[in-house]
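Heads up, the thing below is written out as structure tokens.
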Amino acid sequence: MRRTVFNEDHEAFRETIRAFIEAEVAPVYDEWFAAGQVPRDFYYKLAELGIFGIEVPEEFGGAGVESFKFEAIISEECARAAVNFGGSGVHVLLCLPYIKAYATEEQKKRWLPDFVTGKTMYAIAMTEPGTGSDLAGMKTTAKLSEDGTHYILNGAKTFITGGVHADRVIVCARTAAPKEDDRRFGISLLVVDTKAEGYSVGRKLDKLGLRTSDTAELAFVDVKVPVEDLLGEENKGFSYLGQNLPQERLGIAVGAYAQAKAAVRFAQSYVSERTVFGKTVASFQNTKFELAACQAEVDAAEAVCDRAIEAHDAGELTAAEAASAKLFCTEVAHRVIDRCLQLHGGYGYMNEYPIARLYADNRVNRIYGGTSEVMKSIIAKSMGL
Ligand SMILES: Cc1cc2nc3c(=O)[nH]c(=O)nc-3n(C[C@H](O)[C@H](O)[C@H](O)COP(=O)(O)OP(=O)(O)OC[C@H]3O[C@@H](n4cnc5c(N)ncnc54)[C@H](O)[C@@H]3O)c2cc1C
């Protein structure tokens, strides 16, 4: 089926990203993979390409586009080449919407120009060692100083993507105790300068996949955060998370679908070349059936993504619909990539083959941004269950 979600401008952008990956990423990706992160300078290259400013208003140095479609294309092209751009996805897809929606004009003037140039890289810290799915249980605190000029931040976060390179982190912290009838009350968002005294980056975590993304532990000991760096209103952070998580989940759905599509392409190419028992792997009926079944799943996931992207651009994608798209596409990708790896035999298990990287990278899609079980809870709630 012809995709109608992208126009000529989008396809031209796709060509640019594809050429950029071929020239600037593929030749050095093994080095990044071994180092466990992309070099900091790479973010300046992405900034020069204009990627960080696409959705930033023109007055702050961006292109002022109000559409998720360019982000979707970046995800699709990264998946196609089985690479990822480190923490840059979090910078744009996760952090920017919060700044656009909740920062004051003064804050936007202060933060967005350097956001666009890559001088200031952003990350977002919700998860804590003791709290992931149940975010209302977070323990990090931010107490207002007696003179009311700053918050004093104490606590720890973990699994923070981009945590090593980040210059500012949107930290979710308790500024007030929960109410008896509302556990979600009392959480605020602070845009913390990572050079502040008492702020430290702990271990860069050793992960199964997404090897080039710097996922880190963070610790805060009496970090002074000026009140000017509070994002939005005090104690309303949980509702801000609720409003922005659907875009994060859509982004994960699109990335997962694209990884599944790439897996089919890699497998098809591999089985056409590899011979066993005197014939190509592609010639076995099992291989044809496996790839056909995978293709059907990818087609369905593509349709889901395309509808969800259009709905999101129209401002209509609900939290439950985003959860449904994430659940469906990430579960499809899980099945499809596993079957495509199987068709590679032992070579599929080797990191030098892109299918191995896709397999490892994709696994987290059913976990982060909310697990599949949490997605089911959201969908069930929307069904009145
Ligand atoms: C590579 C990576 C990058 C990440 N990046 C970030 C980041 O940048 N910022 C950030 O804040 N976080 C980040 N995370 C954290 C991620 O969002 C959490 O890991 C995720 O939300 C799950 O939380 P948890 O790990 O504490 O698991 P838990 O909440 O402890 O869940 C354990 C199990 O219990 C299940 N479970 C939980 N609640 C229920 C329920 N109500 N009903 C049924 N089952 C349930 C879960 O589905 C899961 O199977 C990242 C994680 C990873 C792995």
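The values are calculated or read from the model by the stated rules, or taken from the named source; none is laboratory data. Since the structure is predicted, the reported quantities are computational estimates derived from the model, not experimental observations. Cβ: placed from backbone, ideal geometry, glycine included. Neighbour counts: every protein chain shown. Heavy atoms of the whole protein, side chains included, go into the accessibility calculation; ligands, DNA and RNA do not. Shrake-Rupley method; radii C 1.70, N 1.55, O 1.52, S 1.80 Å.
Look at (1) within 16 Å of the ligand (Cβ to nearest atom); (2) over 20 Å from Ser75 (Cβ atoms); (3) not polar (S, T, N, Q) and you find that Arg363 fails only one, number (2). Per the listing Ala125, Ala101, the residue uniquely surrounded by fewer than 20 Cβ atoms within 10 Å (Cβ to Cβ), under 19 Å from the mean Cα position of the chain (by Cα) and either touching a residue at least 60 places away in the same chain (Cβ under 8 Å) or in the same structural domain as Leu190 (by TED's automatic domain parsing) (or both) is Ala101.
Inspect all residues belonging to the stretch 334-343 and state whether any of them is within 16 Å of the ligand (Cβ to nearest atom) and either touching a residue at least 24 places away in the same chain (Cβ under 8 Å) or outside the structural domain of Tyr257 (by TED's automatic domain parsing) (or both).
First pass over the stretch 334-343, keeping only residues within 16 Å of the ligand (Cβ to nearest atom): 334.
If we keep only those that are either touching a residue at least 24 places away in the same chain (Cβ under 8 Å) or outside the structural domain of Tyr257 (by TED's automatic domain parsing) (or both) too, we end up with 334.
Yes: one or more hits.
Lys224 meets all of the listed conditions (1) under 26 Å from the mean Cα position of the chain (by Cα); (2) away from the ligand (no atom under 15 Å from the Cβ) but one, namely (1). Pairing residues of the stretch 139-166 that are more than 15 Å from Leu190 (Cα to Cα) with residues that are open to solvent by 30 Å² or more (accessible area, probe 1.4 Å) and in a loop (DSSP other than H, G, I, E, B), at Cβ distances under 6 Å and at least 6 apart in sequence or on separate chains, gives Thr158/Thr127; Thr158/Pro129; Phe159/Thr127.
Give the stretch 129-145 a look and list any residue that's open to solvent by less than 10 Å² (accessible area, probe 1.4 Å), within 12 Å of the ligand (Cβ to nearest atom) and touching a Ser or Thr at 6+ places or on another chain (Cβ under 7 Å), or say none. Passing the criteria: only Met138.
Just one of the listed residues (Val56, Val90, Val28, Val38) is buried (at least 20 other Cβ atoms within 10 Å of the Cβ), of a type in the set (A, V, I, L, M, F, W, C) and over 25 Å from Asp313 (Cα atoms), and it is Val38.
The criterion of at least 1 residues that are open to solvent by 50 Å² or more (accessible area, probe 1.4 Å) and closer than 18 Å to Ala263 by Cα is met, among helices (runs of 4 or more DSSP H) falling completely within the stretch 279-385, by 285-313, 319-342, 354-363.
For the stretch 146-169, filtered to residues that are within 10 Å of the ligand (Cβ to nearest atom) and among the aliphatic types (A, V, I, L, M), the residue that is nearest to the chain's Cα centre (by Cα) is Ile160. Checked against (1) away from the ligand (no atom under 12 Å from the Cβ); (2) small (Gly, Ala, Ser); (3) under 19 Å from Ala196 (Cβ atoms), Gly118 passes all but condition (3).
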